[in-house]
Every structure is written in C-alpha cells, then in structure tokens.
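Here's the structure we're looking at; comments come further down.
Coordinate-derived values only; no laboratory data. Since this is a predicted model, take the numbers as computed values, not measurements. Glycine also receives a Cβ, built like all others from the backbone with ideal geometry; neighbour counts cover every protein chain displayed.
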Amino acid sequence: MSIEREIKLALPPDQIAAATAFFVARTGKTGIHVQLTNDYFDTPALALAKSKSALRLRKSPHGWLQTYKTVGIAEGGLHRRHEWEMPVAGEGLDIDALAAACDDAASANALRAAAPALIELFSTNFTRTLWHIVHGDTEIEAAIDQGEITAVVGGETRRAPISEIELELKHGDEAALRALQAELAAKVPGLAPDDTSKAQRGYQLRER
C-alpha cells in the first residue's frame with residue numbers, strides 16, 4: 001500500500017502560460033506532454049463512492065493502468081490517500097489482481113463486493129505536462145492538467161473543464177510541497193487550493 005501525497009491547485013485558464021513559464025524556469029526544461037484517457041467505474045448504486053473509494057482505468061502512452069484509491073483526507077489542497085495501482089494487459093479491469101494487491105481489508109472487500117455490478121460512470125480526458133523537481137533529498141512531480149470530464153446521463157452528455165496543477169511528493173519531506181506551492185503562488189496569480197479530486201468532480205457532474 002502506498003500513500004499518495006499531493007497538492008491540487010485550481011488553475012485559471014488565463015494563467016496557464018504563467019504557470020508553464022514558472023516550471024520551465026524552475027527546471028530548465030519545457031516539460032513532457034502526455035495524453036491521458038481515464039474511465040471511472042462504480043455500481044449503479046454507487047457502492048464504491050459510498051465506501052469512500054474510486055476505481056479508474058487509464059490509457060497512457062505506456063499502456064493501461066488500473067488504480068484503486070480511497071478518498072482519504074484533503075485540507076488546503078493537500079490530499080493524502082491510499083492508492084493501489086498496477087498495469088493491465090488491455091482495455092479491461094482485473095479486479096481479482098487489484099483486490100489481491102489491496103492490503104486494506106475493508107477497501108479490498110468493498111472492491112470485491114462491487115465487482116459483479118461495475119459499470120462505467122464517467123471519463124476524464126486531459127493533456128498532462130510534467131516536470132520533475134529535485135531539491136536535496138526531495139523529489140516532486142509537478143503537472144499541469146488541461147482537458148475535461150464527461151458523463152453521459154439519460155442520453156445527455158455533460159462536460160466540465162479540467163484546468164489544474166498537481167504537485168505530487170515522490171520522495172522527501174511533505175513540507176517541501178507547501179514550500180513549492182508558496183513559490184508558485186508568488187509567481188502565478190489566482191491559484192486556489194482544491195480539495196476536490198477529479199473523481200469527486202465526476203460524481204458531482206453526474207448528480208447535478
């Protein structure tokens with residue numbers, strides 16, 4: 001089991017260029033662009049959401065990944081949550097393998113119980129621009145995500161934009177995330193801490 005620790009910041013669209021310039025100046029690199037397509041699954045009764053978890057199948061340039069996360073704790077834009085992730089051979093979930101890898105009994109049981117009734121609920125599709133920031137013993141993955149969330153409800157396609165920054169701690173002291181956030185905020189106006197994950201926004205889009 002791993003604990004994902006990241007700061008999520010809502011990025012005003014008119015500040016994307018400023019944020020990009022900040023990371024280019026900070027790292028000396030233009031950033032790596034990755035196209036990510038993500039489908040989220042739950043039961044019609046939203047059993048996983050009720051157990052405070054989310055299940056995702058992601059297509060990336062490197063193949064398919066399935067991810068199971070708990071909602072965890074979010075405060076001031078800093079998210080701390082359990083995460084289990086593994087590659088899959090193709091466009092399909094392998095629930096047995098994912099549940100076996102899940103070393104939290106309650107989360108594993110919730111996933112197994114939901115498995116027979118899982119359906120696709122919504123998708124997130126976005127371009128991620130990545131930078132790797134190293135300072136001493138600390139490693140942070142910085143990302144700008146631009147795209148949209150889509151959900152089909154009763155034949156209606158609903159959409160919500162994605163424009164955000166994620167600062168994920170890969171190794172080191174959590175205080176480094178806050179320090180980088182402060183440094184970023186001094187250069188990019190209008191950034192706002194966001195305690196709502198993409199998955200939570202997808203559920204909200206369906207229920208609006």
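What angle, in degrees between 0 and 90 and rounded to the nearest 10, separates the Cα long axis of helix 105-114 from the longest principal axis of the Cα atoms of the chain?
Here the helix axis deviates by roughly 60 degrees.
Any of Lys50/Lys170; Lys8/Lys69; Lys8/Lys50; Lys59/Lys198 with alpha carbons more than 25 Å apart? Name them for me.
Lys50/Lys170
Does anything in the stretch 150-188 have its amide N under 19 Å from the 7 Å Cα→Cβ label point of Leu65, and if so which residues?
From the stretch 150-188, the list is 163-172.
Under a point spin-label approximation (7 Å from Cα along Cα-to-Cβ), what is the Ile32-Ala17 distance to one decimal in nm?
2.7
Among Ile32, Ile149, rank each residue by its count of other Cβ atoms within 10 Å, from fewest to most, as a rough exposure measure.
So the residues, fewest neighbours to most, are Ile32, Ile149.
What range in the chain is the longest one free of GluC sites (Glu not before Pro) that are in a loop by DSSP and have at most 14 other Cβ atoms within 10 angstrom?
Looking at the chain, 1-90 is the longest stretch - no exposed GluC sites (Glu not before Pro) with at most 14 other Cβ atoms within 10 Å.
Taking Cα atoms, how many degrees apart are the long axis of helix 16-27 and the longest axis of the chain, rounded to 10 and kept between 0 and 90?
On a 0 to 90 degree scale, this one is about 70.
Once you have the Cα-Cα distance between Asn109 and Leu46, take 0.36 nm times their residue separation minus that, and quote the gain in nm to one decimal.
Extending this stretch completely gives an extra 21.2 nm.
Treat the count of other C-beta atoms within 10 Å as a stand-in for reagent exposure and order Val134, Val188 from fewest to most.
Ordered from fewest to most neighbouring Cβ atoms within 10 Å, Val134, Val188 come out as Val134, Val188.
Does the stretch 77-183 classify as rounded, prolate or oblate by the C-alpha gyration tensor (a ≥ b ≥ c root eigenvalues; a/c under 1.5 gives rounded; else a/b over b/c gives prolate, otherwise oblate)?
oblate
Over the chain, what is the relative contact order in whole percent, taking alpha-carbon pairs under 8 Å and six or more residues apart?
29 percent.
So, in nm, how far is label Glu174 from label Thr157 when the simple model puts each one 7 Å beyond its Cα toward the Cβ?
A separation of 4.1 nm, rounded to one decimal place.
Between Arg208 and Asp195, what is the label-point separation in nm under the 7 Å Cα-to-beta-carbon projection?
2.1
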